[in-house]
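Structure, as structure tokens:
Please treat every number below as a calculation from the coordinates, not as lab data. None of these values were measured; they are calculated from a predicted model. Here Cβ is always computed from backbone atoms with ideal geometry, including for glycine, and neighbour counts include all displayed protein chains.
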Amino acid sequence: MKNNQFDEWAEEYNCFGKEMPFFQKWIFKKMKEEIDKKGIILDLGTGDGRLLIYLSNTSKKLIGLDSSKNMLNETKKNFNKLGLKGKFILSELPKIPLSNKSADYIISNAALHHVKDKEKLYKEILRVLKKHGKLIVADCFEKEDKEYKNEQNKLRKDKVFWNKYLKSLNRCEKEFLNMQKKLKVKHPIEYHITPKKTKEILEKVGFKEIKITPMPKLDLIYSGVKK
């Protein structure tokens, strides 16, 4: 995750999607359902802090980590506008400069696909989580595996939801591509793995109670618990 690329995007990204679209509301709501107590929340690749802000009433302490100084500046502005307090860390993943067992929840939205070494990342996340702490991630992937596609087809049966979600997502993707065209830098490199591979690596490093929640298109929410 090269911070100079995200530095270039920061201000426009902060303005992008200010009125939270349907698909993002659905994702954030699903992630919030995984939080069952007030605790310390660390957001990896926090961007403009919108997910942390959404979850602020579930938290004892909010921590936002990003590789971009400019992105963190936008996060601070958004926190200040709402009278929220938080800790902000400038760091490139997979490194997380926090002590062992210092977070109850580690969350991330649309960021971890920029990290190449997933196993190293998940080990670092496990180190930082407290006992019984939980990782909750919404992200995209490269291609479906059979097991995931079968689960996703259950969502497809609700045509009203499916079409509303896709309409909202497709509109935002179009706006995002138009925004990118104005910028001088290319989109950062992405390192995708399948839902099945994600689960395998989480199990390998020691996560338990791994849950995969399907979403339309090539997206998913996954969670795991540190025992």
* If the cut-off is a Cα-Cα distance under 18 Å, which aspartates and glutamates reach Lys159, setting aside same-chain residues fewer than 8 apart in sequence? -> Glu151, Asp219
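If we count other beta carbons within 10 Å of each Cβ, what is the order of Trp162, Trp26, Trp9, fewest first?
Going from sparsest to densest Cβ surroundings: Trp162, Trp26, Trp9.
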* Structure fact -> So, for the Cα atoms of the chain, Rg and Dmax in Å stand at 16.8, 46
* May I ask you to list the residues of the stretch 84-122 whose amide nitrogen lies under 15 Å from a point 7 Å from Cα along the Cα→beta-carbon direction of Lys69? => 89-92
* Amide H to amide H under 5 Å from Ile106: which residues, 5+ apart in sequence or cross-chain, H placed 1.01 Å off N in plane? -> Leu42, Lys134, Leu135, Ile136
* So how far, in whole Å, is the C-alpha centre of the stretch 63-130 from the one of the stretch 158-211? -> 18
* Asked: Applying the Karplus parametrisation 6.51 cos²θ - 1.76 cosθ + 1.60 with θ = phi - 60° to the phi angles of the stretch 191-207, what ³J(HN,Hα) value in whole Hz is obtained for each residue in order, glycine and proline being reported as x?
  -> 10, 8, 9, 6, x, 4, 5, 4, 4, 4, 5, 4, 5, 4, 7, x, 6
* **Within the stretch 30-66: backbone nitrogen closer than 20 Å to the Val160 label point (7 Å, Cα to C-beta)** => 30
* To do: Grab the Cα-Cα distance for Asn57 and Cys172, subtract it from 0.36 nm times how many residues apart they are, and report the gain in nm with one decimal.
  => 38.7 nm
* aspartates and glutamates whose Cα lies under 12 Å from that of Lys197, excluding same-chain neighbours fewer than 8 positions away -> Glu119, Glu142, Glu144, Asp145, Glu147
* Structure fact -> Fewest-first ordering of Met215, Met71 by Cβ atoms within 10 Å yields Met215, Met71
* Cross-link table Lys77/Lys199; Lys87/Lys157; Lys81/Lys182; Lys77/Lys204, entries beyond 31 Å C-alpha to C-alpha -> Lys77/Lys199; Lys87/Lys157; Lys77/Lys204
* **Order of Thr75, Thr198 - criterion: other Cβ atoms within 10 Å of each residue's Cβ, fewest first** => Thr198, Thr75
* Okay, helix-only estimate at 222 nm for the chain: each DSSP H run of n ≥ 4 adds -39500 (n - 2.57), divide by all residues, round to 500 deg cm²/dmol; what do you get? -> -13500 deg cm²/dmol
* To do: Taking amide H positions as placed in the peptide plane 1.01 Å from N, state which residues far from Thr46 in sequence (5 or more) or on other chains have amide H under 5 Å from it.
  => Leu65, Asp66
